[in-house]
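Engineer: Sharing a structure here in structure tokens format.
The values are calculated or read from the model by the stated rules, or taken from the named source; none is laboratory data. Quantities reported herein were computed from a predicted structural model and do not represent experimental measurements. Cβ placement follows ideal geometry from the backbone for every residue including glycine, while neighbour counts extend to all protein chains displayed.
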Amino acid sequence: MASNDNQARTSQQRALNGHNIYCLISVQSLVARQTWPCILDFNSNCHVFPTVWTLGIIYRQVQETGRFSCSVTLRRSDALNILLNVHVLVSFVNINGRVVRFQQTILNDLVLPGHERQGSITDALLPAYMRFLNSQDIDLQITIFIRSCHSTRNFQPLTLMRLKPDEDRKPSRDL
């Protein structure tokens, strides 16, 4: 996964019916900047249907009040015509990966190749203990759940035709 900033850490986990992509950003680096844009390119590494994505994140925070907003843009750029379900969750986690505050779904939609989806949290309030946090123990976590890529049920008819061997597509001859 490529990033335009080394402050973002990413990982991926295979699930039964898809993939979980995790993007972690240190709250300390966010507080220091107040506005933080980031673009990440990643592949799902799916053994059935590998997908290609671009994730855009814009985080804004007013340090004095603890108010913040987080906008996420997710664009799918692979070419195979399969409909995928994508769910994006924003939360704050500790060093053990446990949610400490503010777990919210910002996007839950079906996505075809070439399509882009957006979601955001606006004017939210951080709890007092996180407002002036000067620690690397808390991360902003953007979690992307990609589902339905392990089954051909969501493939469009043209995709199924492309995936079938040539002999399956030839008309049968009566002898």
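Engineer: In region 79-118, which residue that is of a type in the set (A, V, I, L, M), within 23 Å of CYS46 (Cβ to Cβ) and more than 17 Å from the chain's Cα centre (by Cα) is surrounded by the fewest Cβ atoms within 10 Å (Cβ to Cβ)?
Structural biologist: ALA79
To keep it simple, each residue is scored yes or no on (1) crowded, with 21+ Cβ neighbours inside 10 Å; (2) β-branched (Val, Ile, Thr); (3) touching a Ser or Thr at 6+ places or on another chain (Cβ under 7 Å).
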| residue | (1), (2), (3) |
| --- | --- |
| ARG9 | no, no, no |
| ALA15 | no, no, no |
| LEU24 | no, no, no |
| LEU30 | yes, no, no |
| THR35 | no, yes, no |
| SER44 | yes, no, yes |
| VAL52 | no, yes, yes |
| ARG60 | no, no, yes |
| SER77 | no, no, yes |
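Engineer: Filter region 97-156 for residues that are at pLDDT below 80 and part of a strand (DSSP E or B) and give the result.
Structural biologist: VAL100, ARG101, PHE102, ASP123, ALA124, LEU125, PHE155, listed by residue number.
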